[in-house]
2 protein chains.
Amino acid sequence: MLAPLDPDMFDPACPSALTPVRVGTKWGAMIVRCLADGPRRFGELRVPLHGITPKVLTSSLRRLERDGYVSRTELAGPVRQVEYALTPLGRSLLDPLDAACAWASAHWDEILDAADAALAREQAVAH
Amino acid sequence: MLAPLDPDMFDPACPSALTPVRVGTKWGAMIVRCLADGPRRFGELRVPLHGITPKVLTSSLRRLERDGYVSRTELAGPVRQVEYALTPLGRSLLDPLDAACAWASAHWDEILDAADAALAREQAVAH
DNA sequence: CGGTATCCCGGGTGATACTG
DNA sequence: CAGTATCACCCGGGATACCG
């Protein structure tokens, strides 16, 4: 059995502007990483992606599927169940993605500082 | 003296949808890589970024500057000259970016195949 | 549970033309 | 040379509500 996803695996203090490395869409890289340990279901994915709306999750998954990173399988059974899994191509993305995440955590402070400075400059211009 | 940028350093057969790894904007990662060997001027950057309009290049550079990846320096002199260079933070991006590029070239065929298949599916739906 | 249907908004992208 | 100005378009993102 697969361990459940950590609801806090992505820092909510990290606005999308601060996650410069993306896969396709804003949520692409996060979704791929959610699937790293094995197939996940729609509802499972919603947990760590704080507050993503179903529509956006669907469209993000559809794009990842279209681009060959993710596969979608409807499981037979009495209750509806859909599993999303990484394709070989999607799995190959984990390495560069890990490199990007390692970079982000190594330079987290500088990234936040730059964002703060940018914000401060914005405020200054407003006055 | 710095060698001029290769006009073909980016494959024009690679639409942005096929370059999933981005830095900020569509052009961000490419610009950062253009600055890898040293400072470059506005006009120099336009060469390898086939057909980027000055407005878009400006806004991309402004964002990279705002986010702390790139510095902008106006050189004194009779003719106007502006140099863009990587900050230490920007230079630190080169490693994960190289990993992403290595991934892209290693899986180029699969990426193109997936794009072709997606296009074919689109056409099929149209009929 | 795993989605759609609607409506809306902002901004990234671009073509074209003009400027100090 | 290194940009601005203007206008336009599209689409990703999001809120809300509803469906099989």
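The values are calculated or read from the model by the stated rules, or taken from the named source; none is laboratory data. These numbers were taken from a predicted model, which means no experiment stands behind them. Virtual Cβ from ideal backbone geometry, glycine too; neighbours counted across all protein chains shown.
Kindly indicate whether B:Ala76 is at the interface with another protein chain (Cβ under 10 Å from one of its Cβ atoms) and of a type outside the set (Val, Ile, Thr).
Judged against the criteria, B:Ala76 is not a match.
Take the conditions among the hydrophobic types (A, V, I, L, M, F, W, C) and more than 15 Å from A:Cys34 (Cβ to Cβ) and apply them to A:Ile111. Does it pass?
Yes; evaluated as a whole, the condition is true for this residue.
List the helices (runs of 4 or more DSSP H) that sit entirely inside the range B:82-127 and contain at least 1 residues that are at negative phi and touching a strand residue (DSSP E or B) at 6+ places or on another chain (Cβ under 9 Å).
B:88-92, B:94-106
Could you check the range A:63-80 and list, in sequence order, the residues that are near DNA strand C (Cβ under 7 Å from one of its atoms) and either touching a helix residue (DSSP H, G or I) at 6+ places or on another chain (Cβ under 9 Å) or part of a helix (DSSP H, G or I) (or both)?
Answer for the range A:63-80, where residues must be near DNA strand C (Cβ under 7 Å from one of its atoms) and either touching a helix residue (DSSP H, G or I) at 6+ places or on another chain (Cβ under 9 Å) or part of a helix (DSSP H, G or I) (or both): just A:Arg72.
Please go through the range A:38-62 and pick out each residue that is among the hydroxyl-bearing types (Ser, Thr, Tyr), surrounded by fewer than 12 Cβ atoms within 10 Å (Cβ to Cβ) and in a helix (DSSP H, G or I).
Passing the criteria: none in range.
Give the residue, chosen from A:Lys26, A:Lys55, that is closer than 30 Å to B:Gly68 by Cβ and either modelled with pLDDT of 85 or more or more than 16 Å from DNA strand D (Cβ to nearest atom) (or both).
When all the criteria are applied, what remains is A:Lys26.
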